[in-house]
Amino acid sequence: MFYSSRPFASLSQGAEDVEKIGKLQHLLLLSKTITMELLWDDICHNTTNIVSPDWHGNILKNREDQLQQGHEKFQDWTQAKKEIWDSVS
């Protein structure tokens, strides 16, 4: 696994990182999951001033409106995962 405290510090370093990312398809699922968790942890703790795009706010507002009008409802996460799994297997 690769890790850099200064990702994409230079264009040449960025090219090397992209090449390494391309090799992710050969990692085991556990390694991919650990890598993803490390990336999310780094993004959550080392990124400031992230602004969501307008379209994201529009989608959230639409979903909230649908909930309030009774057109949508929350679903248990365990049931939702089961339905997703069943639809792809």
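Before moving on, here are some points about what is shown:
- Restricting HIS71, HIS56 to those that are at negative phi, modelled with pLDDT of 85 or more and either surrounded by 10 or more Cβ atoms within 10 Å (Cβ to Cβ) or in a helix (DSSP H, G or I) (or both) reduces the list to HIS56.
- Matching residues in region 20-39 - criterion: being among the charged types (D, E, K, R) and surrounded by 10 or more Cβ atoms within 10 Å (Cβ to Cβ): LYS20, LYS32, GLU37
- Given (1) assigned to a helix (DSSP H, G or I); (2) surrounded by 10 or more Cβ atoms within 10 Å (Cβ to Cβ); (3) at pLDDT below 85, number of the condition LYS81 does not satisfy: (3)
The values are calculated or read from the model by the stated rules, or taken from the named source; none is laboratory data. Predicted, not measured: the structure shown is a model, and the values here were computed from it. Please note: Cβ atoms are built from the backbone with ideal geometry, for glycine as well, and neighbour counts cover all protein chains shown.
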